[in-house]
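Trainee: One structure, pasted below without further comment.
The values are calculated or read from the model by the stated rules, or taken from the named source; none is laboratory data. Quick caveat, the model's predicted, so the values are computed rather than measured. No Cβ is skipped: glycine too gets one built from the backbone with ideal geometry, and neighbour counts run over all protein chains shown.
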Amino acid sequence: MDDRTKTDYEAWPAPQTRPGVPPPARKPARRRRPVVVGIVLVLVVAALAWWLRPQTAPAPSPGRGGIVPPVSTAAVQTGDINVTINALGTVSSLATVTIRSQISGQLIRIVFTEGQTVKKGDLLAEIDSRPYQLALAQAQGSLKRDQALLQAAQLDLERYQKLAQTNAIPRQQLDTQQSLVLQYQGNILSDQAQIDTAQLNITYCHIVSPLDGRVGLRQVDQGNYVTPGDTNGIVAVTQLAPISVLFTTAEDNLPAILKGVQSGAKLPITAYDRSGTTKLTTGELLTFDNQIDTTTGTVRLRAQFANERGNLFPNQFVNVELLVDVLKGAAVMPTSAVQRGAPGTFVYLLQPDSTVKVRVIELGPVNGETVAVKSGLAPGDRVVVDGADKLRDGMKITVREPGSTDTPPAPAPGPRNRAPRTR
């Protein structure tokens, strides 16, 4: 056999083996290279055939996994929308009075109950009036005495005047009698003032409420000696109806407020709870401050509420909504349709072929769940209000019927969703 016809393993010397150990098995010659080359050629031909296939217009892209996402839509409508200003306010009583004694004396009776609602003139407490009744009796006695003295002096004056006409008495005696009459008249005026003072003190012994309101916590107990100089007083009465709310707004909103106030209209205002979800009561704008705070660029306003049900309480935090204008015939849509992203403020607009298109819009005033659209949409357009988080421009969608809870349809068989074959 020629050396050129020897196989590869025959061209090499046989490996040395140790006695008793069989020689290693010889490997067959590698003859798979033509098979691999054939497979590669088949794959190249298949790729060229796919690349050179007839091109067709791409269909609207469905969602992930071939699922067509269901969405809810709403139509853009024509309607009126309220232009409102929202702010955080603090409830403030129109009047809070600390009840103090106007005289000194022993507090012998407390009539009110803590937390009680009282009317103007209701009795709250009573002070011992006996010292002032005695002072009244003394002043009345002084008055009667001085009245008798005055009457006697006036009779003597009349006699002296007749005698003076005939020069029967000196002129000086007549002048002295006239001065004595004037003196007694002054004493009577003083006595009457003392009587009035004593009667007033007796009135002050009965402490009454100066306004309609709610009584606070008692600051002094029955039996104590009270004076007008007591710091805490007896109790505080706070007016709850009507009541006001103080709030601030940006100075940019002031022209709209001035426009409504100067036209003579009463601007309505609504108070909500701290979370802004529960409506408490309605009222109207009462007034606003005469200057703008330069540190914050805001102006203070006061609104008044009837508060007949007592929903507002002093120092309570509330959210207020002030109505300053109403836009008539504006294009309105649900606020849930508004999306914000790279294009700016936009919506997904439903197309006739059941696809969605990104439409950039300009928003107007917002009123609750409704927003006005200044530009970008027209009445009758339908926009996606639910399910927009899964959409993109040009995507195929299905419109979910109102109240439907249908799950997304199963994906159509495709290259990625085809069932596996069984052998």
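Trainee: So in the range 248-287, with the set limited to residues that are of a type in the set (Asp, Glu) and under 17 Å from the mean Cα position of the chain (by Cα), which one is nearest to residue 300 (Cα to Cα)?
Mentor: Initially, the range 248-287 is screened for residues of a type in the set (Asp, Glu), giving 251-252, 273, 284.
Cutting the leftovers down to under 17 Å from the mean Cα position of the chain (by Cα) gives us 273, 284.
Details: 273: 20, 284: 15 Å.
By that ranking, first place goes to 284.
Trainee: If you check residue 177 against the conditions, is it without any contact (Cβ under 8 Å) to a residue 40 or more places away in the chain and either assigned by TED's automatic domain parsing to the domain that holds residue 313 or touching a Leu at 6+ places or on another chain (Cβ under 8 Å) (or both)? Steps first, answer last, please.
Mentor: Details: without any contact (Cβ under 8 Å) to a residue 40 or more places away in the chain: yes; either assigned by TED's automatic domain parsing to the domain that holds residue 313 or touching a Leu at 6+ places or on another chain (Cβ under 8 Å) (or both): yes.
For residue 177, the condition - without any contact (Cβ under 8 Å) to a residue 40 or more places away in the chain and either assigned by TED's automatic domain parsing to the domain that holds residue 313 or touching a Leu at 6+ places or on another chain (Cβ under 8 Å) (or both) - is met.
Yes/no per residue for (1) modelled with pLDDT of 95 or more; (2) within 21 Å of residue 93 (Cβ to Cβ); (3) out of contact with any Cys (no Cβ under 6 Å at 6 or more places or on another chain):
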{"position": "266", "(1), (2), (3)": "no, no, yes"}
{"position": "274", "(1), (2), (3)": "no, yes, yes"}
{"position": "296", "(1), (2), (3)": "no, no, yes"}
{"position": "301", "(1), (2), (3)": "yes, yes, yes"}
{"position": "305", "(1), (2), (3)": "yes, yes, yes"}
{"position": "310", "(1), (2), (3)": "no, yes, yes"}
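Trainee: Can you go through 129, 104 and tell me which one is small (Gly, Ala, Ser), touching a His at 6+ places or on another chain (Cβ under 9 Å), in contact (Cβ under 8 Å) with a residue 40 or more places away in the chain and over 30 Å from residue 268 (Cβ atoms)? Quick ask: steps written out before the conclusion?
Mentor: Numbers: 104 fails: touching a His at 6+ places or on another chain (Cβ under 9 Å).
None of the other options fit; the residue is 129.
Trainee: Hey, any hits in the range 196-210 for a residue that's more than 25 Å from residue 281 (Cα to Cα), polar (S, T, N, Q) and in contact with a strand residue (DSSP E or B) (Cβ under 7 Å, 6 or more places away or on another chain)? Give the derivation first.
Mentor: Just the residues of the range 196-210 that are more than 25 Å from residue 281 (Cα to Cα), to begin with: 196-210.
So of that shortlist, the ones also polar (S, T, N, Q) come out as 197, 199, 201, 203, 209.
Remaining after also requiring in contact with a strand residue (DSSP E or B) (Cβ under 7 Å, 6 or more places away or on another chain): 209.
Scanning the range 196-210 turns up at least one residue that is more than 25 Å from residue 281 (Cα to Cα), polar (S, T, N, Q) and in contact with a strand residue (DSSP E or B) (Cβ under 7 Å, 6 or more places away or on another chain).
Trainee: Checking the structure you have, find out if any residue of the range 145-159 is assigned to a loop (DSSP other than H, G, I, E, B) and of a type in the set (D, E, K, R). Please lay out each step first, then the result.
Mentor: As a first pass, look at the range 145-159 and keep what is assigned to a loop (DSSP other than H, G, I, E, B): none.
Within the range 145-159, not a single residue is assigned to a loop (DSSP other than H, G, I, E, B) and of a type in the set (D, E, K, R).
Conditions tested, residue by residue: (1) surrounded by fewer than 17 Cβ atoms within 10 Å (Cβ to Cβ); (2) modelled with pLDDT under 95; (3) among the polar types (S, T, N, Q).
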{"site": "128", "(1), (2), (3)": "yes, no, no"}
{"site": "136", "(1), (2), (3)": "no, no, no"}
{"site": "153", "(1), (2), (3)": "no, yes, no"}
{"site": "159", "(1), (2), (3)": "yes, yes, no"}
{"site": "162", "(1), (2), (3)": "yes, yes, no"}
{"site": "169", "(1), (2), (3)": "yes, yes, no"}
{"site": "177", "(1), (2), (3)": "no, yes, yes"}
{"site": "195", "(1), (2), (3)": "no, no, no"}
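The rows are residues; the columns are (1) at pLDDT 85 or above; (2) surrounded by fewer than 19 Cβ atoms within 10 Å (Cβ to Cβ); (3) of a type outside the set (A, V, I, L, M, F, W, C); (4) under 16 Å from residue 75 (Cβ atoms).
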| site | (1), (2), (3), (4) |
| --- | --- |
| 337 | yes, no, no, yes |
| 349 | yes, no, no, yes |
| 361 | yes, no, no, yes |
| 369 | yes, yes, yes, yes |
| 378 | yes, yes, no, yes |
| 398 | yes, yes, yes, no |
| 423 | no, yes, yes, no |
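Yes/no per residue for (1) out of contact with any His (no Cβ under 8 Å at 6 or more places or on another chain); (2) polar (S, T, N, Q); (3) within 19 Å of residue 131 (Cβ to Cβ); (4) not assigned by TED's automatic domain parsing to the domain that holds residue 141:
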| residue | (1), (2), (3), (4) |
| --- | --- |
| 183 | yes, yes, no, no |
| 186 | yes, no, no, no |
| 191 | yes, no, yes, no |
| 210 | yes, no, no, yes |
| 214 | yes, no, no, yes |
| 221 | yes, no, no, yes |
| 229 | yes, no, yes, yes |
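Trainee: Are any of the residues in the range 217-229 under 30 Å from residue 85 (Cβ atoms) and without any contact (Cβ under 8 Å) to a residue 24 or more places away in the chain?
Mentor: Of all residues in the range 217-229, those under 30 Å from residue 85 (Cβ atoms) come to none.
There is no residue in the range 217-229 that is under 30 Å from residue 85 (Cβ atoms) and without any contact (Cβ under 8 Å) to a residue 24 or more places away in the chain.
Trainee: Of the conditions (1) free of Cβ contacts under 8 Å to residues at least 40 places away in the same chain; (2) within 45 Å of the chain's Cα centre (by Cα), residue 166 satisfies every one except a single condition; which number is it?
Mentor: Evaluating residue 166 over (1) free of Cβ contacts under 8 Å to residues at least 40 places away in the same chain; (2) within 45 Å of the chain's Cα centre (by Cα) leaves (2) as the failure.
Trainee: Right, something else. Would a scan of the range 274-287 turn up a residue that is surrounded by fewer than 16 Cβ atoms within 10 Å (Cβ to Cβ) and hydrophobic (A, V, I, L, M, F, W, C)? Before the answer, list the steps.
Mentor: Applying the first criterion (surrounded by fewer than 16 Cβ atoms within 10 Å (Cβ to Cβ)) to the range 274-287 yields 274-279, 282, 284, 287.
So of that shortlist, the ones also hydrophobic (A, V, I, L, M, F, W, C) come out as none.
Checked against the condition, which is being surrounded by fewer than 16 Cβ atoms within 10 Å (Cβ to Cβ) and hydrophobic (A, V, I, L, M, F, W, C), the range 274-287 yields no hits at all.
Trainee: Return yes or no: is residue 98 under 30 Å from residue 226 (Cα atoms), assigned to a strand (DSSP E or B) and among the hydroxyl-bearing types (Ser, Thr, Tyr)? Explain how you work it out, then say what you get.
Mentor: On the way: under 30 Å from residue 226 (Cα atoms): yes; assigned to a strand (DSSP E or B): yes; among the hydroxyl-bearing types (Ser, Thr, Tyr): yes.
So residue 98 fits the description; yes.
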